[in-house]
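All of the numbers you see were taken from the coordinates with simple rules; none came from a lab. These numbers were taken from a predicted model, which means no experiment stands behind them. Cβ atoms come from the backbone with ideal geometry, glycine included; neighbour counts cover every protein chain shown.
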Amino acid sequence: MKKKWIKRIVLLVLIVVLVGFGIFKLVSCKKDGIDSKLDDVQKNLTAYHMEANMEFHNGDDIRDYLVKVSYKKDGTSNYFRVSLLDKGINQEQIIIRNGNGVFVLTPALNQVYKFKGDWPLNGAKPYLYQSMLDVLHNKHELAKTEDGYLITSTPNYKNSPNWTRQEMKMTKQLKPVWVHIYDKNNDVAVKVTFIKVEFDPSFADNYFEVSDNMTQARVDLSSTTTSTINDLPLYPTNAIISATLKEQSVIQVGGMTQHILTYEGEEAFTVVQYILTSNEEMVVSEVSGELVEIAGQMGILSNQQLIYEYNGVRYHIYSEKLSVAKLIELALGMEVVAAK
């Protein structure tokens, strides 16, 4: 009887050792894989510079950008510089975050908006490396390839509810290769293809300074034209909205011609639009509101109003009924057809 108990105890100890070894081996293998690399990358992430071609698909309309993203950790502060060059209209928008705030620069207009807030770390961005690393911390599917990893996840872009699947390709060193986002119809909504990734860049002392960036961007302007739009108003013909045009009018405000469109119905809204002109001197305006992204451009959300500038036209879209996603859809729909 005593021998049987001894054998049982030995067997139990052996099982515990084997199970423990198995768990240790599993954890070790996991830590030797992507989790270990992820820990190392985040621990040592003090700067990067990335460049990519980025496409936003909205039906038949495709916006094609060259995007350049720079990041530097300065003590406890995170500095960012994002350049978004719209290839279709050859206009650039630069977003800078430094120790003084968040700034949106439009060189063609010599205009700067200043914001408070945690942009761009306040939400996922398809071109932002921090957003890609966040995917690996949340629920995802990972497949090993010969040259890296393919990561599939559910997108988390709060103002884009129609985006339902994201695929991301990374090298073995966790450098991004591409990001594809698909909508609910499984059509491509966003494609980001990286052409340059550096994790050890050096930046000049004034690299994240607003005035220096604007001065250089103004020098680099290939055209002084602020807009290719000659006639207003533009109508939201590419937006699916339950509303019909009730009234339109034209007013003069400070010598500027403004067009007002009033829509009534289940999703009623009003649009005010006008063509902008360039400022001779750089104008900095402090803005209260939330910075939102609209297919590669920046908009301002404040008090049920979306302010959006594209191709030299400023839109003020007001609604007490529409969600932010619907306001963005309206803004994008204004680009397509000018009714006569």
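Run the numbers on region 42-219 and let me know its relative contact order in percent, using alpha-carbon pairs under 8 Å that are six or more apart.
About 21 percent, as a whole number.
Rounding to the nearest 20 debye, state how big the charge dipole of the chain is about its Cα centre with +1 on each Lys and Arg Cβ and -1 on each Asp and Glu Cβ.
About 2640 debye.
Determine the dipole magnitude for region 187-231: charges of +1 sit on the beta-carbon of Lys and Arg, -1 on that of Asp and Glu, nothing else is charged, the reference point is the Cα centre, and the result goes in debye to the nearest 20.
With only Lys, Arg, Asp and Glu charged at Cβ, the dipole is about 160 debye.
To the nearest 20 Debye, how big is the dipole of region 142-260 about its Cα centre, given +1 on the beta carbon of each Lys and Arg and -1 on that of each Asp and Glu?
The calculation lands at about 500 debye.
Can you pick out the pairs among 87/175; 139/196; 37/158; 73/169; 87/158; 87/196 whose Cα atoms lie more than 22 Å from each other?
87/175; 139/196; 37/158; 73/169; 87/158
Would you indicate which of (1) 152; (2) 194; (3) 109 is the value of volume of the Cα convex hull per residue in Å³ derived from the coordinates of this structure?
Calculated volume of the Cα convex hull per residue in Å³: the matching label is (2).
Along the charge dipole of the chain, pointing to its positive end and built from +1/-1 on Cβ of Lys, Arg, Asp and Glu, which listed residue (208, 79, 323) has its Cα farthest out?
79
Within the P(r) computed for region 203-327, what percentage of the Cα pairs occupies the region above 24 Å?
Across region 203-327, Cα pairs with separations above 24 Å total 38 percent.
Exactly which trypsin sites (Lys or Arg not before Pro) in region 153-239 are in a DSSP loop and have at most 14 other Cβ atoms within 10 Å?
Passing both the DSSP loop test and the Cβ count: 158, 172, 184.
Kirkwood Rh, Cα Rg: Rg to Rh for region 225-281?
For region 225-281, the value is 1.05.
Rank 232, 284, 296 by how far each Cα sits towards the positive end of the charge dipole of region 188-340 (+1 on Lys, Arg Cβ; -1 on Asp, Glu Cβ) and give me just the farthest.
Positive-end residue among those listed: 232.
Ratio of Rg to Rh for region 59-146, alpha carbon only, Kirkwood?
My calculation of the ratio gives 1.04.
Which is farthest toward the positive dipole end of the chain among 242, 62, 150, measuring Cα position about the Cα centre, with Cβ charges +1 (Lys, Arg) and -1 (Asp, Glu)?
Highest projection toward the positive end goes to 150.
Quick one, what does Rg over Rh come out to for region 109-162 if you take C-alpha atoms and the Kirkwood Rh?
Looking at region 109-162, the ratio lands at 1.12.
Normalised by the number of residues in the chain, what is the relative contact order in percent for Cα pairs under 8 Å and 6+ residues apart?
The normalised contact order for the chain reaches 15 percent.
Taking one equal scatterer on every alpha-carbon of region 42-219, how large is log10 of I(q)/I(0) by Debye at q = 0.11, 0.14, 0.15 1/Å?
-0.50, -0.81, -0.94
Apply the membrane-span-like helix rule to the chain: whole DSSP H runs, Cα extent along the own long axis of at least 18 Å, mean Kyte-Doolittle hydropathy at least 0.5. List the helices found.
2-32
Identify all aspartates and glutamates with a Cα-Cα distance to residue 72 below 19 Å; exclude those on the same chain that are fewer than 8 residues away in sequence.
39, 40, 51, 118, 134, 198, 200, 205, 209, 212
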